[in-house]
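This report refers to the structure that appears directly beneath it.
The values are calculated or read from the model by the stated rules, or taken from the named source; none is laboratory data. Computed from a predicted model, the values in this text were never measured in an experiment. We place every Cβ from the backbone using ideal geometry, glycine too, and count neighbours over all the protein chains shown. Please note that ligands, DNA and RNA were not included when accessible areas were found on the heavy atoms of the full protein model with its side chains. Shrake-Rupley method; radii C 1.70, N 1.55, O 1.52, S 1.80 Å.
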Amino acid sequence: MDLQQFIARNYDNEPYWFVSFCGDVKHQVRINEILDKKEYLNGKHYITTRPNEKFNGQEFETRRIMLNYAKTILNFQTAYLLKNPTTLSGDSKVVKEFKKVYNRAKLHRIDHDILDKMIKYGNSYEYLYFDNKQNIKSKLIAPEDSYPIYDHANNMIGFVEHYTVDFVSYWTVYTDNMVYEYDNAQGETPQLTSESTNISGLPIAYINENELSDVYGKSNLDDLISILDSLEMLVSKANDGFYKYITGIPVVTGQQLTNSNLPNDIIGGGLNLDDGATFDFKTNKFDHQAFKTLYDNLINALLDISSTPAVSMNKAEISNLSEVSIKLLFNLADIKASLNAKYLEDGFDERFERIRRMLEYKGITFSDDDYNTLDVVFSPSTPKNEKEIIDNLVALRGISAVSIESILENVPYINDKVEEMKRLDNESENVDNVDKGNKVDE
């Protein structure tokens, strides 16, 4: 089923079918969930709705302590995989052309934003296009503005970008061959404002795993909110309890030697009590050990479920660890990063196909064999014993067991293997030219 068949079957070929499509209940529910997550990350937590309480006959302002661990954890997941830029590998001609596209379009920065949106909201969408200078550029479509259209086999057959600014609604309809832009600035009925040829095809979808859907991902935030709500409630109530219970109730047993009432403020003063009389404060005990146990268990659950190493959140002390011990500490983070890399690679395969198609319009072509060598290499930010790595590479090179290219791929100080190979070649040429010049002089 193509897009025209979809429109005919579901919207009876209405000219403004995209308005009804974007207003569908299932899409509104999905968009509202994304907006709720945006508000949560911006500080709208459940703890902020906690009501005030009555204490000693007066209204008591309860604590509402927010712990923004979610933003820290999600940022860690993104930075752990993409703090070091990805590198392209494969045939030198193919890599050279794709690197030009990556550098001009700043795709390394775009990659960071794509992963950030995918982790936070489950989905991210990218559209490639030619700018006025015929350079390939990338546009990210906000998840809350994205309305992909899928057929019964979960193939994307169309895409609608919809948003509202200053009470004016805008729709951008992407088809395989054309892009149409509408708005209702002139009235309730949408008006076509522009149309252009679609060179790159439909937007690229980056989706993480969702057990209930093959076309929409699941936000990592869903696994963390309930634990974070419990943490915030525990800390807030503990603060309230500590300050309320520390007040205490003064209790006197026996008889005072004077007829004066018990003073309200006895700091710096004293009481005259009869023989055998006692005075003390009766307070509820604050069980700090129970609080510590609950807090530690919730924090540990939060770190385990999010695959965040405790050392990265300053929750553990380390010293004199070997390379193997460090890898064990970051094992869960590496597993999580490998899954995120897989989801990105699924989208990158589509991106490479679109870039190849767009380069063909500029007369740049590759054979299938050369193009199929193209791949992307990730460099997660796992702490490493750099001296040990370099010593091992030197030893392997000494017995001719590894190539210069492989060494450059594994040296922790080099992110761009291709550029470094080019620099080494230039240095070799300069040295050869100097040697030839010296021989001529002799």
### Message
Just to check your reading of the model, which residue among Glu59, Glu14, Glu39 is out of contact with any helix residue (DSSP H, G or I) (no Cβ under 9 Å at 6 or more places or on another chain) and not in a helix (DSSP H, G or I)?
### Response
Glu59
### Query
If you go through segment 358-403, how many residues are over 32 Å from the mean Cα position of the chain (by Cα), farther than 20 Å from Val94 by Cβ and surrounded by fewer than 12 Cβ atoms within 10 Å (Cβ to Cβ)?
7
### Task
Could you grab me the full set of residues in segment 333-353 that are more than 20 Å from the chain's Cα centre (by Cα) and over 18 Å from Asp91 (Cα atoms)?
Glu350
### Summary
Filter segment 278-294 for residues that are more than 13 Å from Gly241 (Cβ to Cβ) and among the charged types (D, E, K, R); the one that is nearest to the chain's Cα centre (by Cα) is Lys292
### Message
Given the criteria touching a strand residue (DSSP E or B) at 6+ places or on another chain (Cβ under 9 Å) and open to solvent by less than 60 Å² (accessible area, probe 1.4 Å), does Ile204 qualify?
### Response
yes
### Query
Before we move on, is Tyr80 surrounded by 12 or more Cβ atoms within 10 Å (Cβ to Cβ), more than 30 Å from Asn184 (Cβ to Cβ) and out of contact with any Ser or Thr (no Cβ under 6 Å at 6 or more places or on another chain)?
no
### Query
In this structure, is Leu192 in a loop (DSSP other than H, G, I, E, B), of a type in the set (A, V, I, L, M) and open to solvent by 10 Å² or more (accessible area, probe 1.4 Å)?
no
### Pairs where the first residue, in segment 412-429, is modelled with pLDDT of 80 or more and the second is part of a helix (DSSP H, G or I), C-beta under 8 Å, 6+ apart
Leu424/Ile404
### Task
Can you tell me which residue among Gln134, Gln77, Gln28 is farther than 30 Å from Glu353 by Cα and not basic (Lys, Arg)?
Gln28
### Task
Could you run through segment 62-85 and say how many residues are touching a strand residue (DSSP E or B) at 6+ places or on another chain (Cβ under 7 Å), within 15 Å of Asp111 (Cα to Cα) and not in a helix (DSSP H, G or I)?
1
#### Entry: Of all residues in segment 216-272 being modelled with pLDDT of 70 or more and acidic (Asp, Glu), the one that is farthest from Asn155 (Cα to Cα)
Asp240
